[in-house]
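The values are calculated or read from the model by the stated rules, or taken from the named source; none is laboratory data. All figures in this text were calculated on a predicted structure; none of them were measured in a lab. For neighbour counting, all protein chains shown are included, and Cβ atoms are generated from backbone atoms with ideal geometry for every residue, glycine included. Ligands, DNA and RNA are stripped out before the accessible areas are found, and what is left, the full protein with its side chains, is counted by its heavy atoms. Shrake-Rupley method; radii C 1.70, N 1.55, O 1.52, S 1.80 Å.
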Amino acid sequence: MNKRKLGKSGLEISPLVFGGNVFGWTLDEASSFKLLDAFVAAGFNAVDTADVYSKWVPGHTGGESETILGKWLKRGGNRNKVIVATKVGMEMAPDKKGLSKAYILRAAEDSLRRLQTDRIDLYQSHTDDADTPIEETLGAYAELIAKGKVRAIGASNYKADRFAQALEIGKKSRLPRYESLQPLYNLYDRADFEAELEPLCLKEGIGVINYFPLASGFLSGKYRSERDIEQKPRARILKKYVNERGFKILDALDQVAKKYNATPARVSLAWLLARPSIAAPIVSATSIEQLNDLIACVELKLDRASIELLNQASA
């Protein structure tokens, strides 16, 4: 499998990253293990999670996803087979949030304990923290890197101006640089990333690992009306896609899928992988069948006409 470089971090990842937000939420421990085993057996090598996953589930406090991933890493001697990415910064509790040095150092130890490992390959700022100087945040990461507890750092949910500022400060202050960016990006959610973040990432050689590449499942084509999304775990998020523009995109996906004897999900991911800015979309699956469909996207090379049709439908 062709690996893709993640910025200048020295990390090389497969063209898809497994999204661990489902561990302990829509997937129990046994099912999580099964899907992780299948993902690695197919030649993929990167898993993304966060300390806050899955705090939104009633009765959860956060850390559930990292705990399941940690048990899997320990169980099968899988640690050296995968690049482990996790995140810090979202609120775990009133006194456990943000990107201050003290909190990052504490949160990193908590994540390492749950993951049952001595290092985090990619440690990411989950969201910007305007109340903490960027130098302080990068300084905390510098300390973790010096101790061998973190290999590289990335950012998620940053606006272009703040991300550019962080890159500049890293350069000027000789502090670690964010080597990856994790934005929301898919065929429907294009404007925010493409306007300023994408040109910046291309210019600076940043590896982009975008989340919700299938728009929370909408681009798989299984939701064709408001009735289809009722009672779904992600119904609140899916609602914004069920409209005229969303259906126009699904229609274009159907056309291209028919042409390649593929599925809309596979075509959506292939469209992303054709963009020079994208290193690897983050995908989640809750069954082996679903996973097999998603990983088949790396073999699908769309022609110019298909890409143009999708570009126009989703413009």
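Filtering the stretch 1-42 to residues that are open to solvent by 30 Å² or more (accessible area, probe 1.4 Å) and under 14 Å from Val298 (Cα atoms) leaves Met1, Asn2, Lys3, Arg4, Ala42. If the condition is being charged (D, E, K, R), assigned to a loop (DSSP other than H, G, I, E, B) and open to solvent by 10 Å² or more (accessible area, probe 1.4 Å), then the stretch 43-67 contributes only Lys55. Among residues of the stretch 236-258 that are over 17 Å from Leu269 (Cα atoms) and in a helix (DSSP H, G or I), those with a beta-carbon under 9 Å from a residue that is open to solvent by 90 Å² or more (accessible area, probe 1.4 Å) and not hydroxyl-bearing (Ser, Thr, Tyr) at least six positions away or on a different chain give the pairs Lys239/Glu226; Phe247/Arg224. Could you list all residues from the stretch 270-281 that are surrounded by fewer than 22 Cβ atoms within 10 Å (Cβ to Cβ), of a type outside the set (S, T, N, Q) and not in a helix (DSSP H, G or I)? Residues satisfying the conditions are Ala274, Arg275, Pro276.
Based on this model, can you work out whether Thr86 counts as touching a helix residue (DSSP H, G or I) at 6+ places or on another chain (Cβ under 6 Å), in a helix (DSSP H, G or I) and closer than 27 Å to Asn45 by Cα? So that I can check it myself, show each step before the final result.
Details: touching a helix residue (DSSP H, G or I) at 6+ places or on another chain (Cβ under 6 Å): yes; in a helix (DSSP H, G or I): no; closer than 27 Å to Asn45 by Cα: yes.
Criteria not met by Thr86.
The set of residues in the stretch 128-171 that are closer than 17 Å to Val52 by Cβ and open to solvent by 40 Å² or more (accessible area, probe 1.4 Å) comprises Asp128, Asn157.
Under the condition of being touching a Leu at 6+ places or on another chain (Cβ under 9 Å), small (Gly, Ala, Ser) and within 16 Å of Val298 (Cα to Cα), which residue from the stretch 239-269 is surrounded by the most Cβ atoms within 10 Å (Cβ to Cβ)? So the residue we want is Ser268. Residues that are in contact with a helix residue (DSSP H, G or I) (Cβ under 8 Å, 6 or more places away or on another chain), assigned to a helix (DSSP H, G or I) and basic (Lys, Arg) are absent from the stretch 293-308 altogether.
Does Ala313 satisfy the criteria of being open to solvent by less than 50 Å² (accessible area, probe 1.4 Å), in contact (Cβ under 8 Å) with a residue 40 or more places away in the chain, assigned to a helix (DSSP H, G or I) and in contact with a Lys or Arg (Cβ under 7 Å, 6 or more places away or on another chain)?
Values: open to solvent by less than 50 Å² (accessible area, probe 1.4 Å): yes; in contact (Cβ under 8 Å) with a residue 40 or more places away in the chain: yes; assigned to a helix (DSSP H, G or I): yes; in contact with a Lys or Arg (Cβ under 7 Å, 6 or more places away or on another chain): yes.
Judged against the criteria, Ala313 is a match.
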